[in-house]
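Novice: Encoded as C-alpha cells, here's the structure I'll be asking about.
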Amino acid sequence: MRLATLATANGPHPAIQVGDYYVDLAAMSPGFPPTVRQLLAADQSVRNAALDLANRDDAVRIPVSEAKLHSPIPDPQKVLCVGLNYRDHAIESGLPIPREPVLFSKFPSALIGSGENIVLPRVSTKVDFEAELIIVIGKRGRPTDRDAMEYVAGYTVGHDVSARDWQLEKDGKQWMTGKTFDTFAPVGPVLVTVDEVPDIHNLQISLKLNGAFVQNSNTREMIFSVPQILAYVGQIMTLEVGDLIFTGTPPGVGIGRKPPLYLKAGDVCEVEIQGLGILKNTCVAE
C-alpha cells in the first residue's frame, strides 16, 4: 500500500494512493482509524478493509495532482535521525567514519508534507539540504539483531533541512536546534509499505535543487543498514508505531561544496527515492 495524509477542510484524513488518485478513507467511513499511524497499529483485517474501500465504485477520489498533503505520519511520538551514515558524506564533512550510528532528533513540529513550504528562518544564513530515506515503525517494542525488520511498516522520502550555523557554530555545537526549526522535516509524499519494497538497500536516492542534481547516490552506500540502525536504537529506547527514523544523507550537501551552497528563498527542492516517490518543497523567507 501507498498511504498518505490528506489536508482537507475537515482536518487530516488518511488515504490510499491508487494510480493517479488518493482515496480519502475517512470521508467514506467515519468509524475508520482517523490517522495513518492508527491504521498501522490496527490488525490486518482493518488494513484489508482499507483496500476494499479504495476499490469501491463510490470511493472518494482526489487526483494526485490536486491533493494537498501533510507528512504521511503527521503525529509521530518520535522523529529520530542518523548522522554521517554514507561513507562519502562523512569524508566530505572531514569527519572519521563512525563506528556506531550517530543519533540526534527532530521534533514533530518540524514536519511538513510534499508541496508545503520550507521556511528559511531569519536567524540563519546557512540552511542546507539533505536527501534521506526514512524508516516508518509499524510495531511497538525494542528491536534486536534477530527481529529488527519485523518492526518496519514501510518507508518514505525525507529531507533533513539543516541550519549549519546553529548546528555547528554555537557553543558546544547544537545538532538538535540546527535540525528542528519549524518546517525542517519535509516527509512524503506517501508511506510505501514494506511488502512493496523488494530491496531497501539498493534504491537510487537524489536531490535536485532548481532542477539540477546536487545529490545522487544509492542506499547501498549506507554505512549502517536498516536492521543495524533499528537494533542499535532498540538498545536505548522503546519504539512506537508511527515513529520516523531518518537514515542519513549521501554526499553533495551544500556545506561540503566549494564555495558552500545554501538554500535561498525561491529555491525548489525535489528529493526522489526509487519506487518511493518525489518529495517537492519550495523555500520561502520567514
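Every number here is computed from the coordinates shown, using simple stated rules; none is lab data. Keep in mind that this is a model prediction, so the values were computed, not measured. Counting neighbours? That spans all protein chains shown, and the Cβs are built from the backbone with ideal geometry, glycine included.
Novice: Most mobile of Met176, Met237, Met149 per a Gaussian network model of the chain (Cα springs, under 10 Å)?
Specialist: Met237
Novice: Taking the 0 to 90 degree range and rounding to the nearest ten, how far is the long axis of helix 44-54 tilted relative to the main principal axis of the chain, both from C-alpha atoms?
Specialist: 80 degrees
Novice: Using the structure shown, select from Lys68/Lys126; Lys173/Lys264; Lys106/Lys173; Lys78/Lys258 the pairs with a Cα to Cα distance greater than 27 angstrom.
Specialist: Among Lys68/Lys126; Lys173/Lys264; Lys106/Lys173; Lys78/Lys258, the Cα-Cα distance tops 27 Å for Lys68/Lys126; Lys78/Lys258.
Novice: Which ordering of Arg164, Arg140 is given by a fewest-first count of other beta-carbon atoms within 10 Å?
Specialist: Listed from fewest to most nearby Cβ atoms, that is Arg140, Arg164.
Novice: Turning to a different aspect of this structure: What is the Å³ per residue value for the convex hull set by the Cα atoms of segment 79-285?
Specialist: Convex hull volume per residue, Cα atoms: 110 Å³.
Novice: On to the next question. Of the residues Gly252, Gly138, Gly94, which exhibits the maximal mean-square fluctuation in a Gaussian network model of the chain defined by a 10 Å Cα contact cut-off?
Specialist: Comparing Gly252, Gly138, Gly94 in a Gaussian network model of the chain, the most mobile one is Gly94.
Novice: If we count other beta carbons within 10 Å of each Cβ, what is the order of Arg37, Arg257, fewest first?
Specialist: Arg257, Arg37
Novice: Rg to Rh for segment 2-63: what is it, with Cα atoms only and Rh by Kirkwood?
Specialist: Result for segment 2-63 is an Rg/Rh of 0.91.
Novice: Among Ile118, Ile134, Ile91, Ile255, rank each residue by its count of other Cβ atoms within 10 Å, from fewest to most, as a rough exposure measure.
Specialist: Ile91, Ile255, Ile118, Ile134
Novice: Just to confirm a number: summing +1 for Lys and Arg and -1 for Asp and Glu over residues other than Glu221 whose beta-carbon lies under 11 angstrom from that of Glu221, what do you get?
Specialist: Net charge around Glu221: +1.
Novice: Identify all aspartates and glutamates with a Cα-Cα distance to Lys208 below 16 Å; exclude those on the same chain that are fewer than 8 residues away in sequence.
Specialist: Cross-link targets: Asp128, Glu130, Glu132, Asp160, Asp267, Glu270, Glu272.
Novice: Which whole-number percent gives the relative contact order of the chain, counting Cα pairs below 8 Å spaced six or more residues apart?
Specialist: So the answer I get is 24 percent.
Novice: Report the one residue of Pro186, Val161, Tyr262 whose Cα lies farthest in the direction of the positive end of the charge dipole of the chain (charges on C-beta: Lys and Arg +1, Asp and Glu -1; origin at the Cα centre).
Specialist: Tyr262
Novice: Right, something else. 222 nm [θ] for the chain, helices only, -39500 (n - 2.57) per DSSP H run of 4+, per residue, to 500?
Specialist: The per-residue figure over the chain is -4000 deg cm²/dmol.
Novice: Using the Kirkwood radius built from alpha carbon pairs, what does the Stokes-Einstein equation give as D for segment 119-189 at 25 °C and 0.890 mPa s, in µm² per second?
Specialist: 176 µm²/s
Novice: Can you tell me the equivalent ellipsoid semi-axes for segment 61-141? Use √(5λ) from the Cα gyration tensor, largest first, whole Å.
Specialist: In descending order the semi-axes read 27, 19, 13 Å.
Novice: Also, I was wondering about something else. What does the convex hull of the alpha-carbon atoms of segment 29-179 project to on average, in nm²?
Specialist: 12.4 nm²
Novice: A further question follows. Place a +1 charge on the Cβ of each Lys and Arg in the chain and a -1 charge on the Cβ of each Asp and Glu, then give the dipole magnitude about the Cα centre in debye, rounded to the nearest 20.
Specialist: Computed charge dipole of the chain: roughly 580 debye.
Novice: Of the candidates Pro72, Pro189, Pro33, which one comes out as most mobile in a Gaussian network treatment of the chain with C-alpha springs shorter than 10 Å?
Specialist: Top of the fluctuation ranking is Pro33.
Novice: Related question: Please give the net charge around Asn10, taking every other residue with its beta carbon less than 14 angstrom from that of Asn10, where Lys and Arg add +1 and Asp and Glu add -1.
Specialist: Combined, the nearby Lys, Arg, Asp and Glu give 0.
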